[in-house]
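Just so you know, all these numbers are worked out from the coordinates, no wet-lab data involved. Only a predicted model underlies this, so the values are computations on that prediction, with no experimental measurement involved. Cβ placement follows ideal geometry from the backbone for every residue including glycine, while neighbour counts extend to all protein chains displayed.
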């Protein structure tokens, strides 16, 4: 039997975040695999086109220009091929580093911030040769996606039977990542066990992915099979990450997913919307497993532990 991932139309321009019909669709869609497509999300084709233009522009740069902004201690900048390895995967042992390369930016942080210079609280890095245009494109998309993610945070609360603002205390200073990814074409002699991105779950609250026309993203079903998420025109992929799964009492799984290499290069843009670094996450919906109801996770500590295990630059800086 072929399994397809459902698509939910948010009707963002006309529907309330409290719309019960959309809430029910989100709940049903996410209960199975923790993944769905969303349309009617309010992000225009032009905005998506511009961020892919920025994505391609960055990855066309000479290698020395990219390495000039190699990822810093605050997880911002260029992450080269082989710089990450999904050691924390619960699905399969990662025998090779991920084949992707990417540009990572986060929310702006003022030097006056009380945590400036620690953990993720530091400056973004920008390729000089692309000038202000690249920075403007990234921040424009970042702002639009943050508006959508804030809307989804309210819709997801309603989908769990809670007030729209039930999660607001965790997002007064959200942790937000924008990652411009490039995956190489698969070679005929690539060793077994290589992935564009090895099987993993996402560490935060929710992830929104814009794909180009090349397939490769897959989510693992409960029976262990891998379900493809082919590109769908004007749709974004929404997936539940670890913190949201905890909040939902595991009603919505944070499902393992991966990117397999294709015969063509693949570009995608991933937006990660996560709680405040200091947030203490706990279930808001009772779980059938009593132990799950006692879960309390400090998001920032969880995040930094994941970084330490999965990114080579962390050990090099130690």
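Segment 229-291 and segment 18-60 have their alpha-carbon centroids 12 Å apart. Once divided by 2.2 N^0.38 Å, the Cα radius of gyration of segment 7-317 becomes 0.96.
Restricting the count to DSSP beta bridges whose residues both fall in the chain, what percent are antiparallel, rounded to a multiple of 5? Mind dumping the intermediate values first?
Values: 44 of 48 bridges.
Here the antiparallel bridges make up roughly 90 percent for the chain.
Take 304, 243 and order them by how many other Cβ atoms sit within 10 Å, fewest up front.
On the way: 304 17, 243 24.
The order, fewest Cβ neighbours first, is 304, 243.
Taking max minus min of the alpha-carbon positions on each principal axis, segment 213-293 gives extents of 46, 32, 20 Å, largest first.
The packing ranking, built from the mean of other Cβ atoms within 10 Å per residue, places the peptides 251-261, 120-130, 206-216 in the order 251-261, 206-216, 120-130, highest first.
Based on other C-beta atoms within 10 Å, arrange 194, 53 from fewest to most.
Values: 194 17, 53 13.
Fewest-to-most ranking of 194, 53: 53, 194.
For the residues 132, 98, 276, a GNM of the chain with alpha-carbon springs under 10 Å puts the largest fluctuation on 132.
Averaging the sequence gap over all C-alpha pairs within less than 8 Å and six or more residues apart, then dividing by the number of residues, gives the chain a relative contact order of 23 percent.
Using the number of other C-beta atoms within 10 angstrom as an exposure proxy, rank 75, 113, 200 with the fewest first. Mind showing how you got there, number by number?
On the way: 75 20, 113 13, 200 24.
Lowest count first: 113, 75, 200.
Using a 10 Å cut-off on Cβ atoms, rank the peptides 223-233, 41-51 from the highest mean neighbour count down. All intermediate terms of the calculation are to be shown ahead of the outcome.
Values: 223-233: 13.5, 41-51: 15.6.
Result, highest mean Cβ count within 10 Å first: 41-51, 223-233.
Protection proxy ranking for 157-165, 174-182, using the average of other Cβ atoms within 10 Å per residue and placing the highest first: 174-182, 157-165. Given springs between every Cα pair under 10 Å in a Gaussian network model of the chain, which of 68, 288, 23 has the largest fluctuation? Sorting by GNM fluctuation, first place goes to 288.
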